[in-house]
Amino acid sequence: MKARGALAGAIGTWLMDLVTTGLLESQSKASMQREKEASPNGKSSVANLVERIEELTGVDLEPGQRSMATQGVHYGLGILPGSLYGSLRNRLPLLGAGRGVGYGVILWAVNDEYLNARLGLAGDFGAYPLQTHWRGLVGHIALGVATDTAIDVLGGRGESRAQST
């Protein structure tokens, strides 16, 4: 289940990117500017995390390497929770609620709305336009539903949620 969850988490991350990119393209320039100003160093939370890892390890990445590392960390943030979700979704009803909607909402609330700001990887909640929060929520719901669906598809119907009860 962990391997299926990890692969499903990568698929969910890919879909989330498609959804959030589409939503971002519909935002006003003023909203995007406010978001950039709210972000520490004018960067995404993942880019700030990669920078922090560079500082802690003493590694200096070239720009191309940093871009690849940022993508790797971004996907890792979908793969690791996806693996855990694959193992726990049938055991924790709230986590698996709504065929992955609950999982997506939990990831958004914990990661985007709490941990990133708490760790200094993102600005405070009020500094961002409402569209930023909604985009993150919708993107994480897409990630959750895609991860849940992919686990079922990859595992076949024989190991779906219905058999765990």
Query raised in the report: Looking at 119, 143, 80, which one is hydrophobic (A, V, I, L, M, F, W, C), at pLDDT 95 or above and more than 21 Å from residue 2 (Cα to Cα)?
Result: 119
Report summary line: Across the range 67-124, the tally of residues that are touching a residue at least 40 places away in the same chain (Cβ under 8 Å) and among the β-branched types (Val, Ile, Thr) stands at 2
Requested in this report: Tally the residues that are surrounded by fewer than 20 Cβ atoms within 10 Å (Cβ to Cβ), closer than 18 Å to residue 76 by Cα and acidic (Asp, Glu), restricting the search to the range 101-121.
Outcome: 0
Query raised in the report: So residue 136 fits all but one of (1) at pLDDT 95 or above; (2) more than 13 Å from the chain's Cα centre (by Cα); (3) assigned to a helix (DSSP H, G or I); (4) surrounded by 15 or more Cβ atoms within 10 Å (Cβ to Cβ); what number is the exception?
Result: (2)
Report task. Note down all Cβ pairs under 6 Å where the first residue falls in the range 42-61 and is small (Gly, Ala, Ser), the second is part of a helix (DSSP H, G or I) and buried (at least 18 other Cβ atoms within 10 Å of the Cβ), and they're at least six residues apart or on different chains. Result -> 45/116; 47/70
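The values are calculated or read from the model by the stated rules, or taken from the named source; none is laboratory data. These figures come from a predicted structure and were not determined experimentally. Glycine also receives a Cβ, built like all others from the backbone with ideal geometry; neighbour counts cover every protein chain displayed.
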